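Peer 1: The structure under discussion is supplied below as structure tokens; questions concerning it will follow.
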Amino acid sequence: MFTSRLLLRFYLSLALFIVALAAFWPGVSGGFLFDDYSNIVTNAFVQIKELNVASLWRASHGYSDDTRQLAMVSFALNAYWAGIHPWAYKVTGLLVHAVNAVLVYWLALRLLAFSPRIQSGQRPMAALALALVWALHPIQVSSALYVVQRMETLCFTFLFIALLLYLRIRDNQITGQPVKFWLWSGLLLSFVLAALFKESAVLLPLFCLALEATVLGFAGSSGQRRFWRISYGAGSALALLAFVFWAVPHYSSLEPYGGRDFNTVERLLTQGRVLWLYIQQMLLPLPQTIYFYYDDMAVSRGWLQPLTTLPAVVGLVLLFALAVYWRKRFTLAALGVFWFFAAHFITSNVIGLEMVFEHRNYFALFGVLLLVVELISRLPVRDGPAIKYVGVTVLVLGVGFLGVVRAATWGNPILLATDMTSKNPNSARAAMDMG
């Protein structure tokens, strides 16, 4: 029984990997875009001609802040074998995305076990449906095929592994089994490797805290419960102090950020609208609302400038408050909401980053899909679950179709530029690409 179940999951994982790879494959014939040029194409640190320790060490310091070392090394390896031909870079990025789809499947399997409404026999296919929507969603095209965002996708490769290890550790603790050393060391190593690809790795404690606040509930022996509660409480307090007394003074400004036309207050107000834009793109991925460049995004100059600013911020506060209130009753939905906010904790905060980028939803989409799974599992049906199976199948096929179409558009630089300028004629960057 155990062997047959494991074989089924292996074959489903293999099928998922192949489908994710095939769906976005038409996009690998596209070209470089935007930050690809400064970070890869014209970066002398990355464009190595000899494969040795010295050249790879030099490449590891090729990012502007001397961070993301492993990401730069991965670009250098592509450069050595493929020069500046974008095809090899995009194939590598797509392979990473397909691997991540499998990791999302296994993570979903573990999480769906916490839902009493999804029977054990239904979990493999339910997790597969979630992973397929996550992998094939059109908003993921820019993460998989925008070469420089391999920094993000490889970072989350190891964060997904870290979350799987964390769940295994906590499951062993809750069931009274010994936790082997390799689990702790694997968790630490995964975090370190993720950090060497991108700073998004620092979000791991927030993701784990969300697990404890919902599906795990700080369970375990009395000593373990006390340990985790004290650890997360003390860690949260220290993080809050660091944010208030270091991050806010260091990054915030009442004057416009350098090279930006907005200050900290305006950025935070605008992010209220941006987060709802992300949610809309994930739940209703209409092609005309997903166009890569968002440099014409209107900045919120006040609570009612534009008028949607205040309702957007209030709506986010209510969404978070509902997740807190119902975290024990609707655990997967609450976890999804917490993960969505956690995924945007850095990019929607006081740091003077660009207002909008689709790749920031690479993990956040998983959170939104957990919310959708919770809602679907609770839909009342009178004639059995067959109607749900049909509906989920249509959803997967519809999202997959939109993802394939967008990937094919990305496979032709002229078609992509035409598509972006037609959808967003006010974007200066899209116009430059068209030129």
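The values are calculated or read from the model by the stated rules, or taken from the named source; none is laboratory data. Predicted model only: the values in this text are computed from it and were never measured. All Cβ positions, glycine included, derive from the backbone under ideal geometry; neighbour counts span all protein chains shown. Just so you know, the surface numbers come from the protein's heavy atoms only, side chains and all, with ligands and any DNA or RNA stripped out. Shrake-Rupley method; radii C 1.70, N 1.55, O 1.52, S 1.80 Å.
Peer 1: Would you check if ILE161 is modelled with pLDDT of 95 or more and open to solvent by 10 Å² or more (accessible area, probe 1.4 Å)?
Peer 2: yes
Peer 1: So, LYS423, is that one touching a residue at least 24 places away in the same chain (Cβ under 8 Å), of a type in the set (Lys, Arg) and touching a helix residue (DSSP H, G or I) at 6+ places or on another chain (Cβ under 7 Å) or not?
Peer 2: yes
Peer 1: Could you tell me which of the residues VAL179, VAL141, VAL91, VAL104 is β-branched (Val, Ile, Thr), assigned to a helix (DSSP H, G or I) and open to solvent by 10 Å² or more (accessible area, probe 1.4 Å)?
Peer 2: Result of the check over VAL179, VAL141, VAL91, VAL104: VAL91.
Let's see how each residue does on (1) of a type in the set (A, V, I, L, M, F, W, C); (2) open to solvent by less than 60 Å² (accessible area, probe 1.4 Å); (3) over 30 Å from GLN288 (Cβ atoms):
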site	(1), (2), (3)
LEU238	yes, no, yes
LEU241	yes, no, yes
PHE245	yes, no, yes
PRO249	no, no, yes
SER253	no, yes, yes
PHE262	yes, yes, no
LEU268	yes, no, no
ARG273	no, yes, no
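Peer 1: Could you please find all residues in segment 239-258 being closer than 14 Å to LEU353 by Cβ and touching a residue at least 60 places away in the same chain (Cβ under 8 Å)?
Peer 2: ALA247, TYR251, SER252, SER253, TYR257, GLY258
Peer 1: Going through LEU365, LEU379 one at a time, which residue ends up being at pLDDT 95 or above and either of a type in the set (A, V, I, L, M, F, W, C) or part of a loop (DSSP other than H, G, I, E, B) (or both)? Steps first, answer last, please.
Peer 2: Details: LEU379 fails: at pLDDT 95 or above.
Just one listed residue meets the conditions, LEU365.
Peer 1: From the list ALA88, ALA113, ALA98, ALA79, which residue is modelled with pLDDT of 95 or more and of a type in the set (Gly, Ala, Ser)?
Peer 2: Result: ALA98 is the single residue among ALA88, ALA113, ALA98, ALA79 that is modelled with pLDDT of 95 or more and of a type in the set (Gly, Ala, Ser).
Peer 1: Give the residues of segment 293-317 that are open to solvent by 30 Å² or more (accessible area, probe 1.4 Å) and touching a residue at least 60 places away in the same chain (Cβ under 8 Å), sorted by residue number. So that I can check it myself, show each step before the final result.
Peer 2: Going residue by residue through segment 293-317, those that are open to solvent by 30 Å² or more (accessible area, probe 1.4 Å) are 295-298, 301, 303-308, 310-311, 313-314, 317.
ASP295, ASP296, listed by residue number.
Peer 1: Next question, about the same structure. Check PHE320 against each of (1) surrounded by 15 or more Cβ atoms within 10 Å (Cβ to Cβ); (2) out of contact with any Phe, Trp or Tyr (no Cβ under 8 Å at 6 or more places or on another chain); (3) under 16 Å from SER348 (Cα atoms) and name the one condition it does not meet.
Peer 2: (2)
Peer 1: Return the pair list, or none, for Cβ contacts closer than 9 Å from residues in segment 110-122 that are in a loop (DSSP other than H, G, I, E, B) to residues that are open to solvent by 70 Å² or more (accessible area, probe 1.4 Å) and not β-branched (Val, Ile, Thr), at least 6 apart or on different chains.
Peer 2: ALA113/SER120; ARG117/ARG378
Peer 1: Sticking with this structure for a sec: Would you pick out the residues in segment 207-233 that are assigned to a helix (DSSP H, G or I) and farther than 23 Å from PHE345 by Cα? Give the steps one after another, and end with the answer.
Peer 2: Looking only at segment 207-233, we keep the residues that are assigned to a helix (DSSP H, G or I), and these are 207-216, 222-233.
Selection gives SER222, GLY223, GLN224, ARG225, ARG226, PHE227.
Peer 1: Keeping to segment 323-351, report how many residues are open to solvent by 20 Å² or more (accessible area, probe 1.4 Å), part of a loop (DSSP other than H, G, I, E, B) and not hydroxyl-bearing (Ser, Thr, Tyr).
Peer 2: 9
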